[in-house]
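Everything below concerns the one structure shown next.
The values are calculated or read from the model by the stated rules, or taken from the named source; none is laboratory data. Keep in mind that what you see is a predicted model, and the values were worked out from it rather than measured. Virtual Cβ from ideal backbone geometry, glycine too; neighbours counted across all protein chains shown.
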Amino acid sequence: MAERLTDWKKSLDVAFFATRMNFRSHLVHPGEVVLANLGALVQAVSGAAVFMLALSTTGVIHGWTLAQWAVLTGFTAVARALWNTVFFGTLDIPDMVRSGELDHYLVRPANPLMLILFSKVDTDVWIEIVIGLTTMGVALHVSGTELTAQVMLFIPVALIGAALVFAAMHLAVTSLSFWLRHDAMLSMLIWRLDSFAQLPMSFYPKWVLAAFSTVVPFAFVGYYPCLYILGKTSSPLVWAFPLAGPLLMIPAVVLWRRGLTRYSSTGT
Amino acid sequence: MRVHLDAVQRSYHVRRRPETGSRLTRLVRRERSEVEALRGIDLRIEPGESVGYIGLNGAGKSTTMKLVSGILAPTAGRVTVDGRDPHRERRALSADLGYLAAQRASLWWDLPVKDSYELIRRVYGIEPALFRRRREELVARLDIGKHLNTPVRELSLGNRTRAELVGTLLHAPRLLLLDEPTIGLDIFAREAICGLLKDIRETSAPTIVMASHDLRDVEAVCDRIVMIDAGRLVHDGKIAELRGLGGGTRRLVVHHAEGHVLPSAPGLVPVRTAARTVTTFEYAQGDLPPEILSALFSDPLVDDVQLEAPSLEQLIKTLYRKAG
């Protein structure tokens, strides 16, 4: 137990240092950072502007007002940005497997997945977090949602859970690269599919909702948590939804570990 | 550390586009086949030994390195490092392992060299004062002090390899696996690296396995040579023993005036060459009559006389020809 605690302490120390170093390395090229942030700002602001405009209308689609939809969009954007902050490096796993670059993560006395995670950070996500939180805050106000203490507590817990759902799905898919040498298209498909998480699932036929709750569980990212935040359900079971993220991480990490045993480390 | 390989085999599955069939078939279908990288390797490396692991491209050198480091698991047979399975106990064993594959960066590409070293310090849990002392020694030895603040990606190949070697040695590994550490380097970088490795071998005696194409480097650092060809071991012995395998054949090379007729002697076999002013003979070691040498040295039409032992490269070529 003491050994495991020391191991975790060391992993955290390495993680914080690697993250700090990564930010510093990005700042070596401030021009690139400014451009990347500007791009992210334009994208986030334009998306938010459309919603702000739409909020002035009072239309209801499948039981969701546009303001409620904006809450879902803001919530999902923040969850996605949180995932990006920590798990951005997992997107490089297929390339590492193909090129054999994974080798040098495997010969260190540290968890290779942790080393991959903290070797790369995305520096422009803070804009997405700020815009997402602003969109969510404004939309919650406009939609007239009652922000009880439970809801205020639920939001951060659900955001972490949602970020882990994203992380689990992307880790599972990128880990398939140990079996499929060309899984880039699958990663891209998941990447594209996650935009569906921003839409209320009641828009879709029941079988699509079932698919988004099981096969590609994007419904757990924003839809189910927002049902509770927006007062569309009062079931105490909603508190179990944030557990979907950690639970989904278990098979994803198992798949990653299985994949490591199949790693063939091409070339010299 | 003690490294044992017992009947180790390792194969890879590859998928190739079929050579026959319709255009659509060739576009969509992939044929699966198996490539045998290692075909039953038995090897014993004792603690403190330094072994040059040589072989042609694709012979299985890197695969062996990856099996010993625990990156790969064998398809059949057994690999142990100090009696432990390196694939199953990779993390535990990696604390004592230094692995350098020169064609791949192991330092963090975007970070300045010194930050990469600090990250290594934290990953290996090296005590700060000890880390500083080792870093200063190694950096001074390989003369990369002025590059410590440069991001790794901006270094030349020579400086990057030096920086990588420092990173590999910072935690004082007891097993050093070096895969082509001097490939593509100039003479100064190679000398610096080989000199450092030789010193480390003499002072702290880690087990060293060095895969290389360059036999000069192997000779400078190692005292034992293991040769591998198409996944099979073809030679394993001391460098001195390898020299003995040359059959004792030596060469006598004489530079002389054009058209000059040289004296002959029994056992001295002329070797056909195109040069008119150079004549080469082969003879068995110990069979060169001393009177021939005195005659050559006193001959005014002879400019130079050279006695040559076969180079390590020639001996290895001979071994490969015998093997296959």
Qualifying position, being more than 27 Å from B:R91 (Cα to Cα), modelled with pLDDT under 85 and more than 14 Å from chain B (Cβ to nearest Cβ), among A:L53, A:L133, A:L72
A:L53
Here is a check on your reading of the model: is B:E31 assigned by TED's automatic domain parsing to the domain that holds B:I200 and in contact with a Lys or Arg (Cβ under 7 Å, 6 or more places away or on another chain)?
yes
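Return the only residue of B:R32, B:R91, B:R104 being in a strand (DSSP E or B), at pLDDT below 90 and within 14 Å of chain A (Cβ to nearest Cβ).
B:R32
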Complete set of residues in the range B:199-218 that are touching a helix residue (DSSP H, G or I) at 6+ places or on another chain (Cβ under 6 Å) and outside any strand (DSSP E or B):
B:S212, B:L215, B:D217
Check on A:S175, modelled with pLDDT of 90 or more, among the hydroxyl-bearing types (S, T, Y) and under 29 Å from B:L67 (Cβ atoms)
yes
Please indicate, with yes or no, whether at least one residue in the range B:121-134 is within 20 Å of A:S265 (Cβ to Cβ), more than 10 Å from chain A (Cβ to nearest Cβ) and either out of contact with any His (no Cβ under 9 Å at 6 or more places or on another chain) or assigned to a strand (DSSP E or B) (or both).
no
Counting only residues in the range B:50-80 that are in a loop (DSSP other than H, G, I, E, B) and buried (at least 24 other Cβ atoms within 10 Å of the Cβ), the one farthest from the other protein chains (Cβ to nearest Cβ) is identified as B:G60
Is at least one residue of the range B:275-286 hydroxyl-bearing (S, T, Y), surrounded by 15 or more Cβ atoms within 10 Å (Cβ to Cβ), at pLDDT 70 or above and under 30 Å from B:G231 (Cα atoms)?
no
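Going by the conditions given, is B:D96 more than 12 Å from chain A (Cβ to nearest Cβ) and touching a residue at least 60 places away in the same chain (Cβ under 8 Å)?
no
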Can you name every residue in the range B:87-122 that is out of contact with any Ser or Thr (no Cβ under 8 Å at 6 or more places or on another chain), of a type in the set (G, A, S) and closer than 20 Å to B:D143 by Cα?
B:A105, B:S116
Could you grab me the full set of residues in the range B:108-118 that are within 9 Å of chain A (Cβ to nearest Cβ) and crowded, with 24+ Cβ neighbours inside 10 Å?
B:W108, B:S116
Considering the range A:97-111, residues that are part of a helix (DSSP H, G or I) and within 11 Å of chain B (Cβ to nearest Cβ), and then whichever is farthest from A:L176 (Cα to Cα), we arrive at A:H104
If B:N159 passes every condition in (1) within 18 Å of B:D179 (Cα to Cα); (2) outside any loop (DSSP other than H, G, I, E, B); (3) within 14 Å of chain A (Cβ to nearest Cβ) but one, which one does it miss?
(3)
Look at B:T64 and say whether it is in contact with a Ser or Thr (Cβ under 7 Å, 6 or more places away or on another chain), modelled with pLDDT of 90 or more and β-branched (V, I, T).
no
